[in-house]
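Following: one structure in structure tokens, then a few remarks.
Just so it is clear, none of the values below were taken in a lab; they were calculated from the coordinates. The shown structure was predicted, so the numbers you read here are calculated from the model rather than taken from an experiment. Every residue, glycine as well, gets a Cβ built from its backbone with ideal geometry; the counts of neighbours run over all protein chains shown.
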Amino acid sequence: MAYSGVVKVGGAPDVHELADMMISKVAVGPMDNNAYLLRCRATGEQLMIDAANEPDTLLRLIGDDGVTGVVTTHQHQDHWQALDTVVQATDARTYAGSRDAEGIPVPTDVPLADGDTVRFGAAQLTAVHLAGHTPGSIALVYDDPHGHPHLFTGDCLFPGGIGNTWGDASRFASLLHDVEAKLFAALPDETWVYPGHGSDTTLGNERPHIQEWRERGW
């Protein structure tokens, strides 16, 4: 069955099968967060992005093979409520943006700056620092050698706009600038976007609307 990226709390994961990687997406409550499990096909090693909540759900998704690391995209509580339980159960290494690490109660083993890499098995992700939703939010890019890039955006980019900046004009300007300069200017339209909540999109779907976002201010 083709991957749709549409998942619901209490429902089954959806799996995006790439040549070198499998990406499993699951939704957890109560805030309908997405958590992602990436599996390197060459080695079987796994990495989780945002251990948001429902640790039992996430540990079932991880399975017996464990997980080598968990990346937290930003410091907001709804993105790390299962982190401690997952780390305790799997001895996973923790990663987060260096400017958000202090806001996450589980210690960050590897603080990430813009351009840093996260490796697991034969796979590699590149961290992109995006300031505005939080000071140290990061997106993660998997540059698929057999196809288009795959982009995990946390709460910085969704279908229909950038992340919440709570009416703060300077934060909005910062986030929109970073998203334009570091994502839209750097990556092709085919780039698949996996957000922290809700359905997936592509950069090509969102690119024509950037001026609309700028004019409305959110």
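Looking across segment 84-101 at every residue that is of a type in the set (A, V, I, L, M, F, W, C) and assigned to a helix (DSSP H, G or I), the one that is nearest to residue 116 (Cα to Cα) is identified as 101. Quick check on residue 72: is it of a type in the set (Ser, Thr, Tyr) and surrounded by fewer than 24 Cβ atoms within 10 Å (Cβ to Cβ)? It is false that residue 72 is of a type in the set (Ser, Thr, Tyr) and surrounded by fewer than 24 Cβ atoms within 10 Å (Cβ to Cβ).
In segment 31-45, the qualifying residues are those that are over 15 Å from the mean Cα position of the chain (by Cα) and outside any strand (DSSP E or B), and the one that is surrounded by the most Cβ atoms within 10 Å (Cβ to Cβ) is 45. Within segment 143-172, the set of residues being hydroxyl-bearing (Ser, Thr, Tyr), surrounded by fewer than 23 Cβ atoms within 10 Å (Cβ to Cβ) and touching a residue at least 24 places away in the same chain (Cβ under 8 Å) comprises 165 only. Restricting attention to segment 102-142, the residues being part of a strand (DSSP E or B) and among the β-branched types (Val, Ile, Thr) number 7. Considering the conditions (1) within 15 Å of residue 134 (Cβ to Cβ); (2) surrounded by 24 or more Cβ atoms within 10 Å (Cβ to Cβ); (3) free of Cβ contacts under 8 Å to residues at least 60 places away in the same chain, residue 79 is excluded by exactly one of them, (3). Scanning segment 46-69 for residues that are surrounded by 19 or more Cβ atoms within 10 Å (Cβ to Cβ) and not in a helix (DSSP H, G or I) yields 46, 47, 48, 49, 50, 51, 52, 53, 54, 67, 68, 69.
In segment 1-30, which residue that is aliphatic (A, V, I, L, M), touching a residue at least 60 places away in the same chain (Cβ under 8 Å) and crowded, with 16+ Cβ neighbours inside 10 Å is farthest from residue 72 (Cα to Cα)? Going through the qualifying residues, I end up with 18.
Scanning segment 199-218 for residues that are within 21 Å of residue 165 (Cα to Cα), surrounded by 11 or more Cβ atoms within 10 Å (Cβ to Cβ) and of a type outside the set (A, V, I, L, M) returns 199, 200, 201, 206, 207, 209, 213, 214, 217, 218. When residue 124 is evaluated against the numbered criteria (1) polar (S, T, N, Q); (2) without any contact (Cβ under 8 Å) to a residue 60 or more places away in the chain; (3) buried (at least 17 other Cβ atoms within 10 Å of the Cβ), which criterion, by number, is the only one it fails? Against the list (1) polar (S, T, N, Q); (2) without any contact (Cβ under 8 Å) to a residue 60 or more places away in the chain; (3) buried (at least 17 other Cβ atoms within 10 Å of the Cβ), residue 124 comes up short only on (3).
Results for (1) in contact with a strand residue (DSSP E or B) (Cβ under 8 Å, 6 or more places away or on another chain); (2) under 15 Å from residue 143 (Cα atoms); (3) part of a loop (DSSP other than H, G, I, E, B), shown as yes or no for each residue.
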| residue | (1), (2), (3) |
| --- | --- |
| 164 | no, no, yes |
| 171 | no, no, no |
| 176 | yes, no, no |
| 180 | no, no, no |
| 183 | yes, yes, no |
| 187 | yes, yes, yes |
| 190 | yes, yes, yes |
| 194 | yes, yes, no |
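Within segment 159-177, identify whether any single residue is of a type in the set (Asp, Glu), more than 16 Å from the chain's Cα centre (by Cα) and within 26 Å of residue 31 (Cβ to Cβ), and answer yes or no. Yes; the residues of segment 159-177 include at least one that is of a type in the set (Asp, Glu), more than 16 Å from the chain's Cα centre (by Cα) and within 26 Å of residue 31 (Cβ to Cβ).
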